[in-house]
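Notes to accompany the following structure.
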Amino acid sequence: MDYTTETLTNLAQQVSEAFKMALAQHRKSGGAAMTIAGVETEFRELLRQMGAQALSQFLSSASGTPAAEIPCRCGGTLRYQRQRAATVTTVFGKIRYERAYYAGCACGQGKAPVDEAYGIVPGAVSSGLAALLGLAGIELAFDQSREWLKAFLLFEVSENTVRSETQTLGALQAEQEDAWCQQSQDEDYLQTRLRATAPLPARVYGSLDAAKVRIEPRARAGKKPEKEDDWRDMKVGCWYEAELVPAARHSPRQRDKCAREQAVFRARQMRYYCDIAEAAEFGRLLWGTGCRVKADLAPELVFVCDGAVWIWNLITFYYPRAVQIVDWYHAEDRLKRVAHAAFPAERDREPWLEQVTTDLWEGRLASVIRACEPLASRCDDARHAVTYFTNNAHRMKYDQFRAAGYLIGSGTVESGCKQIVTQRLKRSGAQWTVEGAVQTARARAAWLSGGWEALCARRAALPLTV
Ligand SMILES: [Zn+2]
């Protein structure tokens, strides 16, 4: 919406005059001199109070002249009762407004058309404020975000409100994902997609990983928690595409990488999903979100993972034709661990490590395995490495993968795991129930996936509970 310069100038003049008067009063009563910071804060508070009043006036006048009767949702008729007051907590704080209220239908339901028109739940938080509370809640511990929000909003919001609004957004994201999952089981829907003419992404990447979350049930009043804290796996998946980073825009780290790998790719359009669930249940999400990004239809589908067995099993089950790649850095790291465990002296270690790393890079898996075998009898790491490289040999054809221009690092999902789980769920003082952890993580995943606006729009369209 646009406002004319004239409108803005007139309003600003009035605000400025009001401020000057208050400032004069402040000085007369011996108040301290103000720096610009003080003036800014005072202005913000003034504008907030004005905003609250203006919004209240706007909503109170929104009913217009009430009709005597309106249709009820049930098909019956509602009769105008009176102007009835309600409150809602908005980005300007809690406001009170009056609106036309209708009742008297046989079904017993009442209705305030203004609330319905604007998606207001009386007594609750407005969807505009909910989006901001959620944004704080996915970033900071709930008690911390309360302090932080007060600095921005200039009024208090309780820790519980931040928690519940954040988790409501997470629950809505879960609902959305569940709808995708159900759709992905629908044969007709899958058929329709085959006939769609929209262009497909040429190459889609997927990664899966997991990170531990500490579940620590909150003690109920006067009672001990039912059981001690336990650690659960938050499984995280990511869909993405890759693009070449132009040489002129390489960071110093990317320049090093380029000298070794010839080309530097970066992930784009990351879409994360997560859950604390058994592998089979998570597989549903892997398939449902995959259909959403057309992973099943894309000419090329590539999974880059740090291969836990459950991960490869799910991928093989849902996407049997996908290219499977063990994350290069994990594979390389295996060799480093063997080298350190098997060769105490650096002069022995370095040449061995350099040779096997080159072999791995060039796709000579047989040589890598042959180099580890003689060490296996005296070194556990080497013994495990032989099994690891043997079992995953087909996922480590790094010469072929590089030739095909595949991204061979799973940094994208690992970074997602860090951002979703470590940076938020492992903050000190966090006490999580499984549900709370999952909902907060889901809301955060939506933000990291560029889905925040869509999620908040769903929150704004929540069905009214009155
Ligand atoms: Zn009715």
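The values are calculated or read from the model by the stated rules, or taken from the named source; none is laboratory data. Bear in mind the structure is a predicted one, so any value in this text is a computation, not a measurement. No Cβ is skipped: glycine too gets one built from the backbone with ideal geometry, and neighbour counts run over all protein chains shown.
Figures for the structure shown
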quantity	calculated
Hits in region 22-36 - residues which are loosely packed, with under 10 Cβ neighbours inside 10 Å and not small (Gly, Ala, Ser)	28, 35, 36
Of all residues in region 417-439 being among the aliphatic types (A, V, I, L, M) and either assigned to a helix (DSSP H, G or I) or modelled with pLDDT of 85 or more (or both), the one that is nearest to residue 174 (Cα to Cα)	438
Filter result for residue 105 (surrounded by 13 or more Cβ atoms within 10 Å (Cβ to Cβ), under 39 Å from the mean Cα position of the chain (by Cα) and within 16 Å of the ligand (Cβ to nearest atom))	no
Pairs, first over 15 Å from residue 159 (Cα atoms) in region 121-142, second in a loop (DSSP other than H, G, I, E, B) and among the small types (Gly, Ala, Ser), C-beta under 8 Å, six or more apart	122/112; 127/119
Flag for residue 69 being in contact (Cβ under 8 Å) with a residue 40 or more places away in the chain and within 16 Å of the ligand (Cβ to nearest atom)	no
Any chance residue 135 is modelled with pLDDT of 95 or more, part of a helix (DSSP H, G or I), out of contact with any strand residue (DSSP E or B) (no Cβ under 6 Å at 6 or more places or on another chain) and closer than 23 Å to residue 452 by Cβ	yes
Criterion violated by residue 48 - all others in (1) within 16 Å of the ligand (Cβ to nearest atom); (2) within 25 Å of residue 165 (Cα to Cα) satisfied	(1)
Where residue 29 falls short, out of the listed (1) more than 23 Å from residue 104 (Cβ to Cβ); (2) within 39 Å of the chain's Cα centre (by Cα); (3) not charged (D, E, K, R)	(2)
From 144, 173, 191, residue being at pLDDT 95 or above, assigned to a helix (DSSP H, G or I), of a type in the set (S, T, N, Q) and at negative phi	173
Subset tally (residues that are under 14 Å from residue 203 (Cα atoms) and not small (Gly, Ala, Ser)) for region 292-318	10
Top-ranked residue in region 291-307 [being within 14 Å of residue 404 (Cα to Cα) and surrounded by fewer than 19 Cβ atoms within 10 Å (Cβ to Cβ); ranked as nearest to the chain's Cα centre (by Cα)]	300
Flag if residue 79 is within 16 Å of the ligand (Cβ to nearest atom) and at pLDDT 95 or above	yes
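Table: residues versus (1) in a helix (DSSP H, G or I); (2) over 21 Å from residue 155 (Cα atoms); (3) not acidic (Asp, Glu).
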residue	(1), (2), (3)
3	no, yes, yes
9	yes, yes, yes
15	yes, no, yes
18	yes, yes, yes
34	no, yes, yes
52	yes, no, yes
56	yes, no, yes
